[in-house]
Each structure stands twice: as structure tokens, then as C-alpha cells.
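All remarks here apply to the structure that follows.
Rule-based calculations on the coordinates, nothing more; no lab input. As the structure is a computational prediction, the values presented were derived from the model and not from experiment. All Cβ positions, even for glycine, are placed from backbone atoms using ideal geometry, and neighbour counts span all protein chains on display.
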Amino acid sequence: MKEQESENSGAQASEKPAGPPQDLKDMNDLVSLAKRRGFAFQSSEVYGGINACWDYGPLGAELKRNVKDVWWRTMTDRMDIEGIDAAILMHPKVWEASGHVAGFSDPLVDCKNCKARFRADKIDLTQFKPGQCPSCEKFGTLTEPRNFNLMFKTHMGPLEDSASIVYLRPETAQGIYVNFLNVQQSARQKVPFGIAQIGKAFRNEITPGNFIFRTREFEQMEMQYFVKPGTDEDWFEKWKAARIQWHLDLGIRKDKLRFHAHGPGELAHYAKAAFDIEYLFPFGWQELEGIHNRSDFDLGQHQKFSGKKLEYFDETVKERYVPYIVETSVGCDRFLLVSLVDAYRSDGDRVWLQLHPKLSPYKVAIYPLMKKPELMEFSDKLFNDVRKKYRATTDEAGSIGKRYRRQDEIGTPFGVTVDYDTVSNGTVTIRHRDSMAQERIPADKLVSYIEDKFENWGK
Ligand code: GAP
């Protein structure tokens, strides 16, 4: 009876937070929400799963598409950046030239007792003695470190011999370097210009984990910016600033982001300088994106190994040179995880994802207060109007409060309730996910109302 009363009293019955909003503390809370609501499932779960591979469900696939769309638009809306989509399998010489065959390895140690494997460089020596297993009860001894190449190998064609070995690309960048002249000439670009790409990459990581943080199959969003030698340091600074701003513009909190400069011991074999954008996860500060000054290393190596010139000719000053490259590289899955971790809030009663609307799988949910024909008819029509512009959903089951909660948990910014007043005067209640504030607005102004709120989001 009580619920019935509150339903009939309309959608405007106000809600109160149970307590101050809390951030995500335990990754398990996010993993269980992700599974329950269809963001991500363990790959091949019915077979017991396969380690460090995840499948995105309906909401995860939508969120991932939004992440990729925003990144792609940011890059390719600029007149100086072109997009490409290169093959995952490349000529094996590419990986010799890039340095991955010789150098893309981590030092691996095994525990002689429990057989667990670790990256030698990631064992916390403030807690464990050198050579001591960090996970087994008997403190087993570890083997000497061996270099373990992280590339997945397979064979191309019917013969499984050494001549047929190909690799699943461990980064998308190389597909850009080998196409540098194809793109520059076909798109008639002049240096400085960039090439952007989104695609799968594969690494046989020794210590994957933390949900989708480090997986063996993942997607990268990489942009390589080709510049005249001598201007690279300037461009490096410009890209550092542009990339951190991108994360801020998508609502990631400033105090959870920082730069980390790679010291000489940390620099990758290709890098002249490198900065990571790090995020403060519940498990500590970790890399979110890398910005690298790769000098002329990559184009120089591909020239050497292919025997083909990869030079740019500047018509205006009649000068020929191998461009330097400034790279920005962010994991799509890594950013998706950051967006969920950063958005997660709970107040003891309610859990909501404070996602930026550009990322939210649904932008608006439409609820008929009750399953009565006159309300359903209005709400169906409103839903069909709104969804022409915004990805929308409906929910007719349970009390209005429960319906709000269900959408809060998946980050839908607005809920719209159709009640009897709607039928008589054409107004609806719009309820805001983050503040739980409610307003009454004309139903025919709903689309423009949302448009205005999205345009001014966070301002
Ligand atoms: N092309 C340069 C490059 O690949 P990286 O620092 O090895 O640089 C760039 O990777 C980004 O790719 C990382 O900052 C991270 O966001 C993502 N990434 C790398 N390895 C990953 C993994 N195993 N799982 C998920 N994301 C990964």
C-alpha cells in the first residue's frame, strides 16, 4: 500500500542522499556491477574463463563505442590528422625493425615451490627478500630471471615452420609508421601532421589483472604526429597538454590524474623522452596513457630494414628529412576502466555512475508511472521522439524509485516520468542522476532541454 501511494503521488516525491558520496574503494564492487549490469563478462565463462580476456556486454560495448567515437572525433576532426585502419598481422620484419623481437620482453621468474610466475621488476623489495616468492606460504625460492618475449606468435599459411612465423601486433603504432608515406602522399598532408588509429593489440603479459586494467588482448587508440626535427620538443609539450585536457574534458577528476616522467632506466628503447598520464586507481597510481618523443627511431629503422626511403620532402624550402614522431597512446579498455572507476559513487543506499553524458550508454530513460494505456501511449511516443536524437531506454517495472536506481547504476544522466499530469497538461518530470533534483518541463521541450544540459555539462 505504501509503495502504491508513493507511486500515485507522482514522480516528484523527492529523494534524499543517505550520506555523503563515497568513491570506489574495492575493485570487486565494480567487477560485480559490471557483470550484473552487462558491462563486462569474463571471456569463455561457461568453460571456467580464460585468464586476462574479457567480453563486453551490451552496456560495455556501447560505452566502448562512445570512448572510441570521442577519441576518433577529437583526433580526426583536426585538418592535420588522418585516420587509418591497418591489419593486425604484419610482415615479420616489421617487428625486427621496431625492436620488438629483440627487446619486447619482461624479466620472468618462477617460484620453485608454488610455480607462480612474476615479473622480477615488479616484486616489491621493501616487503620481500630478493629471490623470495611473494605469494606462496612457504616463501619458496625464485628462479633466476629469464627474458620472456611478450609477443604472441602464430603461423601464416599451411606450414608451421620458422619461415611462416607472424606475430599478433603488440602495438598499433607500427601500422602507422610503415604507411607514413602512403598517407602523406594520398592525403596530400604536409609535415607537421598526424595519423590516428584505433585497433586491437596483443601482449602475452606475465602478470595481467585488476579486471580490464592489464589484459592480453586489448585495444589501443594511438596517434603518431610527424614533425620536423628540432620542433619535436615543442610538439611533445603541446601534445602532453592536449592529452591531459582530453581526460579532464570527459569529466575525469583533476586530483586523480598526474604526469609521470620516465627516468633514464624506464625509457623504452625507442623513446627520447616519455611521460605517462597516471590515474589514481583503488590499487594505486598507474599508467593510463603514454606520450612519447620517439625521435626518428621508427622511420629510421623501417628505412634500414626495408631498404625504402621514408623521407619527407619539404617543397617550400627544398629540404629532405626523416621526420621525428611524437606519439600519444592510450588503451581504450584502460580509459574505459578509468571512466568507470572515476564515475563510481555510493552513498550507503544508492550506487550511481557519474559518467560524462558523452560516455553514458544511455542518455535518457523514459518511465510511464504505471502501465496504463493512456500513460503508455504518451511515453511510447516520447521515447520514439527522443531516441531519434539520443540513445534512450524505457523501464516500466517496479516502483519509480527502483527504476531510478537501476538507471543510476549504469550512468543514465536523465530519467523522465510520464504521469497523469502529463496526459492533462503535457508536462513531464525530469530527474537528474547526480543531484537527484527533479523538474517539471513541457514534454515537447525535452530534446532541447537535454541538448542544452549536455552542451553545458560540467560548466
Ligand atoms: N605504442 C606505444 C605503446 O604501445 P605502451 O605504454 O606499451 O606504449 C600504451 O602502451 C597504452 O596501451 C598504455 O598506456 C595502456 O593504456 C595501454 N596498454 C598497454 N598494455 C596494455 C594491456 N596489457 N592491457 C590493457 N591496456 C594496455
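Using alpha carbon coordinates only, what is the Rg to Rh ratio of segment 105-149, with Rh defined as the Kirkwood radius?
Reported Rg/Rh, Kirkwood definition of Rh: 0.94.
Need the C-alpha centroid separation for segment 141-178 versus segment 79-112, integer Å.
8
To check my understanding: the extent here is largest minus smallest coordinate of the Cα atoms along each principal axis. What are those three numbers for the chain, in Å, largest first?
77, 69, 47
Compute the long axis of helix 446-455 from its Cα atoms, compare it with the longest principal axis of the Cα atoms of the chain, and write down the angle in degrees, 0 to 90, nearest 10.
That helix lies at roughly 40 degrees to the long axis.
By the scheme Lys and Arg +1, Asp and Glu -1, what is the net charge of all other residues having a beta-carbon under 12 Å from that of Phe152? Before the final figure, lay out the partial values.
Numbers: positive: Lys153, Arg169, Lys200, Arg203, Arg216; negative: Glu205, Glu217.
Overall, the nearby charge balance is +3.
Rounding to the nearest 10 and keeping the result within 0 to 90°, find how far the Cα-based axis of helix 297-306 lies from the longest principal axis of the chain.
Helix 297-306 sits at roughly 60 degrees to that axis.
How far apart, in nm, are the 7 Å Cα→Cβ label points at Lys402 and Thr126?
The answer from the label model is 4.8 nm.
With +1 assigned to the C-beta of every Lys and Arg and -1 to the C-beta of every Asp and Glu, and no other charges, what is the dipole magnitude of the chain about the Cα centre in debye, to the nearest 20?
Result for the chain is approximately 340 debye, rounded to the nearest 20.
Quote the convex hull volume per residue of segment 363-459, based on C-alpha atoms, as a whole number of Å³.
87
Given R₀ = 35 Å, what would the calculated FRET efficiency be for Asn210 paired with Asp77, taking r from the Cβ atoms and rounding to 0.05?
Rounded to the nearest 0.05, the efficiency is 0.60.
Identify unpaired cysteines across the chain, taking unpaired to mean no other cysteine Cβ lies under 4.7 Å from the residue's Cβ.
For the chain, the answer is Cys53, Cys332, because their Cβ atoms have no other cysteine Cβ under 4.7 Å.
Just to confirm the number: angle between the C-alpha axis of helix 27-37 and the first principal axis of the chain, 0 to 90 degrees, nearest 10?
Between helix and principal axis, roughly 60 degrees.
Within a 10 angstrom radius of the beta carbon, how do Phe236, Phe104 rank from fewest other beta carbons to most?
Phe104, Phe236
So if I take the centroid of the Cα atoms in segment 23-64 and the same for segment 314-348, what is the distance between those two points in Å?
Taking the Cα centre of each part, segment 23-64 and segment 314-348 sit 24 Å apart.
For segment 315-373, run through the GluC sites (Glu not before Pro) and keep only the ones in DSSP coil with at most 15 other Cβ atoms within 10 Å of their Cβ.
Passing sites in segment 315-373 are Glu315.
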